[in-house]
Protein chains: 4
Amino acid sequence: MRGFGMISVDQVGWLHHDRPLCGLLDAIVRPTLVAPCTSDVRVSHGWAGARGDIILGHEAVGIVDEVGPLVTQFKPGDLVAVPCVTPDWLSAGVQHGRRVSHDTGEQASYKFASAKDGVMAEYFHVNHADANLALVPSDVTPEAALMAVDMMPTGLRGAEAAEINFGDTVVVIGIGPVGLMAIAGAVLRGAGRVIAVGTRPVAVAVARHYGASEVISYREGPLSDRLSDVDRVIVAGGDVATLVQAVTITRAGGIVSNINFYGASEIMSLPMSRWGLGMADVDIRGSFCPGGGESVRAMLALISAGRIDPTRLITHWLSGWESVPQAFALMDSKPADLIKPVVALDER
Amino acid sequence: MRGFGMISVDQVGWLHHDRPLCGLLDAIVRPTLVAPCTSDVRVSHGWAGARGDIILGHEAVGIVDEVGPLVTQFKPGDLVAVPCVTPDWLSAGVQHGRRVSHDTGEQASYKFASAKDGVMAEYFHVNHADANLALVPSDVTPEAALMAVDMMPTGLRGAEAAEINFGDTVVVIGIGPVGLMAIAGAVLRGAGRVIAVGTRPVAVAVARHYGASEVISYREGPLSDRLSDVDRVIVAGGDVATLVQAVTITRAGGIVSNINFYGASEIMSLPMSRWGLGMADVDIRGSFCPGGGESVRAMLALISAGRIDPTRLITHWLSGWESVPQAFALMDSKPADLIKPVVALDER
Amino acid sequence: MRGFGMISVDQVGWLHHDRPLCGLLDAIVRPTLVAPCTSDVRVSHGWAGARGDIILGHEAVGIVDEVGPLVTQFKPGDLVAVPCVTPDWLSAGVQHGRRVSHDTGEQASYKFASAKDGVMAEYFHVNHADANLALVPSDVTPEAALMAVDMMPTGLRGAEAAEINFGDTVVVIGIGPVGLMAIAGAVLRGAGRVIAVGTRPVAVAVARHYGASEVISYREGPLSDRLSDVDRVIVAGGDVATLVQAVTITRAGGIVSNINFYGASEIMSLPMSRWGLGMADVDIRGSFCPGGGESVRAMLALISAGRIDPTRLITHWLSGWESVPQAFALMDSKPADLIKPVVALDER
Amino acid sequence: MRGFGMISVDQVGWLHHDRPLCGLLDAIVRPTLVAPCTSDVRVSHGWAGARGDIILGHEAVGIVDEVGPLVTQFKPGDLVAVPCVTPDWLSAGVQHGRRVSHDTGEQASYKFASAKDGVMAEYFHVNHADANLALVPSDVTPEAALMAVDMMPTGLRGAEAAEINFGDTVVVIGIGPVGLMAIAGAVLRGAGRVIAVGTRPVAVAVARHYGASEVISYREGPLSDRLSDVDRVIVAGGDVATLVQAVTITRAGGIVSNINFYGASEIMSLPMSRWGLGMADVDIRGSFCPGGGESVRAMLALISAGRIDPTRLITHWLSGWESVPQAFALMDSKPADLIKPVVALDER
């Protein structure tokens, strides 16, 4: 079968791999909608280390094509949303919610385009199908469901980890699709004023839609010149200097909640004076998308209830397998009018 | 000075008391807006025990008339919202957030119309003014601020204590003003589907405005015939049988969050079979309005940011001291079109 | 094969069932040590409803006899401790720690002597072996490990759910084996003074060993005559009247943590005046043993580090299959010198 | 009156200041026992910036000499323990436990030797006496109570912020007095194996007494060569490189809890690869001693119940005002046999 992936660092293209085998507890899914993610782009450029001959992609909605004989909750033909993080739920580490995204090691629950081929293929494999798939309900569109597999749960996880109190002032740094979902998530955890940091006009408008009280630019000098003593900061963009800025502007007793993905070679230089000499009661948290079917179902429940419409993220619709490379290139070049591209795959 | 209060059980009317004295840390406030509360009515009927010759009322916005010499944050002329619960912040019990509403004993932080005269008077007394008053900001109307002193913080506390996860199905029983705020609060803690229980058309419409997905009636048989396995239940109305119903419909691992006020003679009969024989991991919580200036400021921040408009609760505007008894009578008789009456007091 | 079980309500004896079949993810274990539990006795008397022809027992340490082909962490010959609660970890409900003990319904993760035969048999079946077994480490004795499958995790769960703050006064009602472990658990969550409630001399001595500051008797009148305003109460014995007493003596802002098992016909009559008219900020929690291999491993880590020696619970050692009925009868009659009997089964 | 303090950076000696004035809510205390703290030494060397002509010291037990007229819970002659952190409890920031140690700004609740003279004086001032003093109960020795004002609450706060689960492996870096209390605290939050990092023989023995399973040296190469995947790390010593090591050895989903005091000029260089590229779900927390009378009372309750004997920290007893400089010099030079010196002041 055909898939779009990483041939080697900085080189992407079509790969031809065997259709994956379906284990006893697993499913094979045929994607109908996929979206490339900034982290696919970063991985293709070597952020997670050298890697090659692997199909990329971890955001898909599709049709179940095959299930293992021990799968009881899903059957071929079901329309499903597939979380980008699919833990091995029989691994002891995930029990009691302790390290769901890190089943047998750091980020090990993230398997697509890492431990195995990703979803930008004619067929892809899902481990522990009963626990890792979510049916798309009839009142949720497939494209909304597609946003529920990574953009929404990652952004909302950033808000959740920020432990927002009612009325808190929350700064969200970065208004890419995850940052935008963090804005929506902050509002749905009780934030008062939400200050978003970003510049691209297309995203600024959507940030306001999701509840940003104001949007400021990082281009006009360090955030710490303009903000201080904020209750919570969610970091969804930038680099290690941004993270230091986030710590700097947080009040004593506040929380910095990071959901940004840094490069393996980045080093944060945090002056202890910015962190209250170690005694500011400021937590610095770095979260990963939680994963699993239940996590996606929570997002679908929010969409179904009208709490969030994540389709506002979708700025570009492409169609057919041939357009997958173009969607990927869009995510890499990030033209001014792009937030998130979606590819509708061939009907067969 | 004149005040409207409880002469004895079941008898309300005008009382003439001395203007309260202002302690060193205290303030005297002249109310400009007051609202009677269902709990005033209940107290007047003896729910909290025999009591007499006491001015009622605990919801007010007003002008600071006098401050003690140790008060540094407020001055005469300030427009302030006064929390219904005003803890003694030097009492050890409130430290570290342990029992804020219960400073020196159960509900002892609730002082209006309990330990001292309430707010339906020409002047009323506020202990620990620096810690217990909140300035009304210029972008919040006085009537919105009035809703921020009890209705909002009590309703939102019900949602907070429910520890809602994103996407949870939440049932809110009771759609009086506190229940309506609990609906809004549930949405602002991440609820998916919110099922409100109530019947009065005026309140049903407002429930939908605040985010209820549907509104069902308690008149069509026990809730447990129609609902089961819900994630969270917030109880903001009814009696002890309602509370048993709430426990019954909650899933294993769920939470029942009570913010309703029961009579001292009510006895709940909870069959252990409804509570998983004690092993259902269902928490039954009963919260009180948290109190203090910071708590009100959190509500004002939500209003200011446009997250909640609590003025949708106000169905009746009355004017002048002479209408205070009428407002109280409205709250007692609860006509079909009433949610919350507000009295604008004489300008002087 | 032979097993000791419930023939019908109030009638126990030997049953002859087929050796259980081992599923692909499962294990078959041959017990070497078993202990009857009060809840086995209660079930045999119909507390959980009519039931018959089922092997009892849910506390065992044993040797793995067979594993399914998908099991990777265990092999025949391994000495394992088996949690009394063995969730289906592929059930969505258990994800993120939400309802671990209630996988597909209330207490449904409790499978022994409920959904299938229990452990007092020559062989017993364990679902999801990789996730539900725990190796007994070389520095933990088998009998200590046996206490780690129900008595310890249930007692410690009671302490954990009580959310004890450093220095809190904690009352533990009931000094059977679970209550004794709750005492030890309260100390290991930071309790200051621990007041145990019980009378049997053998248990009183062990209560003091585990850290009870004092032990008082429930025979000398209601607890509420002698205790009030306590921070936390853990209920590990008694009946619904005991639970009402627990609520009564808890301070505003406190927590009642129940780990007792009530009969399906018991009804708690809780006067609302004892619960602050619903507004005391007192939580009433009812927990179940959490379950799973990781939960048992946590207990084994405590034993291994010398934090708790649970073998102080063991007052009676019996030997051989023939003594199983006697051990069960002991648990039913509870002679004065009994805390917990253990049966060492035939070497083969 | 006389006091021992900081004349200028790197210069300490006797100062003669007026006896402090007692405000309406305050107390003046005459110390009977004081202990110098490493942070006094660090402040004297300019870690917290240039400062001079200020009396040092923030650990004292003493006799109340005078109280303001609004103080109701204490009277002259009372033997009290005085927390090192004494918040302004009428400051809105401390409400609901939000930023207790940071009332009006970062660490602003820490007032001794910062906003005003410290406790190594004939008399010292305590703001909000009712809320910030704790009576020494008759069953706690004064020297034990002295350890309850900073060493215990800071060490135990480190353990509390680590949110230890039962059985967790906890590394405590640094075995000075605060680190030793963190060891004891980790045990009292449920730690399994506790690995302490330190070298001084006198402290190693006490570390074992408080529950360290083993003590390793930081001199034998980086911790990350010997430890990995630990559940929790409490940092109570070292420098910014130590903090990076702490992050490195923590498992995904773990917590690093810092209670160490860094210099204003230190800069932590944290490679993002050590922090899971921002996605390891590892929290980095930096806490300050919580403060207030209730916090000290919690410690006294633990001592009284026999859960911790903090007097094991005291290696040196000195006597009389004349020995204060010697005690301070000991804390500065840290001879091999020192953990904590205590000075018994002149009886008068």
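The values are calculated or read from the model by the stated rules, or taken from the named source; none is laboratory data. Note that the coordinates shown come from a computational prediction; the quantities given were computed from them, not determined experimentally. In this analysis, Cβ positions are derived from the backbone assuming ideal geometry, glycine residues included, and neighbour counts consider all displayed protein chains.
Here are some notes:
- For segment C:214-232, filtered to residues that are in a helix (DSSP H, G or I) and either hydroxyl-bearing (Ser, Thr, Tyr) or modelled with pLDDT of 95 or more (or both), the residue that is farthest from C:Lys340 (Cα to Cα) is C:Asp225.
- When the residues of segment D:60-82 are filtered to those that are in contact with a helix residue (DSSP H, G or I) (Cβ under 6 Å, 6 or more places away or on another chain) and either small (Gly, Ala, Ser) or under 18 Å from D:Thr154 (Cα atoms) (or both), the one that is nearest to the other protein chains (Cβ to nearest Cβ) is D:Ala81.
- Among the numbered conditions (1) surrounded by 24 or more Cβ atoms within 10 Å (Cβ to Cβ); (2) farther than 26 Å from B:Trp47 by Cβ; (3) in contact with a Phe, Trp or Tyr (Cβ under 8 Å, 6 or more places away or on another chain), the only one that B:Thr250 does not meet is (3).
- Per-region count, segment C:97-114, residues facing chain A (nearest Cβ under 9 Å) and not charged (D, E, K, R): 2
Each row is one residue, and each column tells you yes or no for (1) within 27 Å of A:Ala131 (Cβ to Cβ); (2) within 14 Å of chain C (Cβ to nearest Cβ); (3) within 20 Å of the chain's Cα centre (by Cα); (4) loosely packed, with under 15 Cβ neighbours inside 10 Å.
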site	(1), (2), (3), (4)
A:Gly3	yes, no, no, no
A:Met6	no, no, yes, no
A:Gln11	no, no, no, yes
A:Pro20	yes, no, no, no
A:Arg30	yes, no, no, no
A:Val34	yes, no, yes, no
A:Val43	yes, no, yes, no
A:Ala48	yes, no, yes, no
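- Residues of segment B:159-204 that are at the interface with chain A (Cβ under 7 Å from one of its Cβ atoms) and basic (Lys, Arg): B:Arg189, B:Arg193.
- Flag for C:Gly211 being modelled with pLDDT of 95 or more, touching a strand residue (DSSP E or B) at 6+ places or on another chain (Cβ under 7 Å) and more than 25 Å from C:Pro271 (Cα to Cα): yes
- Residues of segment B:287-301 that are within 8 Å of another protein chain (Cβ to nearest Cβ) and β-branched (Val, Ile, Thr): none at all.
- Of the residues making up segment B:175-207, those that are in a loop (DSSP other than H, G, I, E, B) and either buried (at least 24 other Cβ atoms within 10 Å of the Cβ) or in contact with a helix residue (DSSP H, G or I) (Cβ under 8 Å, 6 or more places away or on another chain) (or both) number 10.
- The set of residues from segment C:103-115 being small (Gly, Ala, Ser) and either touching a Leu at 6+ places or on another chain (Cβ under 7 Å) or crowded, with 24+ Cβ neighbours inside 10 Å (or both) comprises C:Ser109, C:Ala113.
- One residue alone among D:Val85, D:Val94 is crowded, with 24+ Cβ neighbours inside 10 Å and either touching a Ser or Thr at 6+ places or on another chain (Cβ under 7 Å) or more than 13 Å from chain B (Cβ to nearest Cβ) (or both), and that residue is D:Val85.
- Listed by first and then second residue, the pairs with beta-carbon distance under 8 Å, at least 6 apart or on different chains, first residue in segment D:47-70 and touching a residue at least 40 places away in the same chain (Cβ under 8 Å), second surrounded by fewer than 17 Cβ atoms within 10 Å (Cβ to Cβ) and among the β-branched types (Val, Ile, Thr), are D:Ala50/D:Val9; D:Arg51/D:Val9; D:Gly52/D:Ile7; D:Gly52/D:Val9; D:Asp53/D:Ile7.
- Of B:Ser295, B:Ser323, all but one fail to be of a type in the set (Ser, Thr, Tyr), surrounded by fewer than 24 Cβ atoms within 10 Å (Cβ to Cβ) and over 17 Å from B:Gly179 (Cα atoms); the exception is B:Ser323.
- Residues in segment C:213-243 that are under 26 Å from B:Gly253 (Cβ atoms) and at the interface with chain B (Cβ under 10 Å from one of its Cβ atoms): C:Asp231, C:Val235, C:Asp239, C:Val240, C:Leu243.
- Long-range neighbours under 9 Å by Cβ, at least six apart or interchain, first residue within 18 Å of C:Gly179 (Cα to Cα) and facing chain D (nearest Cβ under 8 Å) within segment C:302-315, second basic (Lys, Arg) and assigned to a helix (DSSP H, G or I): none
- Which listed residue, of D:Asp65, D:Asp78, is surrounded by fewer than 24 Cβ atoms within 10 Å (Cβ to Cβ), under 24 Å from the mean Cα position of the chain (by Cα), at pLDDT 95 or above and more than 26 Å from D:Asp332 (Cβ to Cβ): D:Asp78
- Counting only residues that are of a type in the set (A, V, I, L, M, F, W, C) and either in contact with an Asp or Glu (Cβ under 7 Å, 6 or more places away or on another chain) or closer than 20 Å to C:Gly158 by Cα (or both), segment D:150-175 holds 3 of them.
- When D:Phe261 is tested against (1) in contact with a Leu (Cβ under 7 Å, 6 or more places away or on another chain); (2) more than 7 Å from every other protein chain (Cβ to nearest Cβ); (3) in contact (Cβ under 8 Å) with a residue 40 or more places away in the chain, only condition (2) is not met.
- As a summary of the residue check, B:Ile284 satisfies the conditions (1) buried (at least 23 other Cβ atoms within 10 Å of the Cβ); (2) within 14 Å of chain A (Cβ to nearest Cβ); (3) more than 17 Å from the chain's Cα centre (by Cα) except for the one numbered (2).
- Residue match in segment A:266-278 (condition: farther than 21 Å from D:Val100 by Cα, β-branched (Val, Ile, Thr) and either surrounded by 21 or more Cβ atoms within 10 Å (Cβ to Cβ) or touching a residue at least 24 places away in the same chain (Cβ under 8 Å) (or both)): yes
- Only one of the numbered conditions (1) charged (D, E, K, R); (2) surrounded by fewer than 22 Cβ atoms within 10 Å (Cβ to Cβ); (3) not in a helix (DSSP H, G or I) is violated by A:Glu143, and that is (3).
- Residue match in segment C:271-281 (condition: among the acidic types (Asp, Glu) and at negative phi): no
- Meets criteria (surrounded by 24 or more Cβ atoms within 10 Å (Cβ to Cβ), assigned to a strand (DSSP E or B) and away from chain C (no Cβ under 14 Å)) for A:Gly118: no
- Test for B:Gly62: is it within 25 Å of B:His316 (Cβ to Cβ) and not in a loop (DSSP other than H, G, I, E, B): yes
- The lone exception for D:Ser109 - which of (1) more than 25 Å from B:Ser101 (Cβ to Cβ); (2) at pLDDT 95 or above it fails: (1)
- Single match in B:Leu15, B:Leu25, B:Leu33 (criterion: touching a residue at least 40 places away in the same chain (Cβ under 8 Å), part of a loop (DSSP other than H, G, I, E, B) and either among the hydrophobic types (A, V, I, L, M, F, W, C) or closer than 19 Å to B:Asn127 by Cα (or both)): B:Leu25
- If you filter segment D:244-258 down to residues that are among the hydroxyl-bearing types (Ser, Thr, Tyr) and within 11 Å of chain A (Cβ to nearest Cβ), you find that the one that is farthest from D:Ala182 (Cα to Cα) is D:Thr250.
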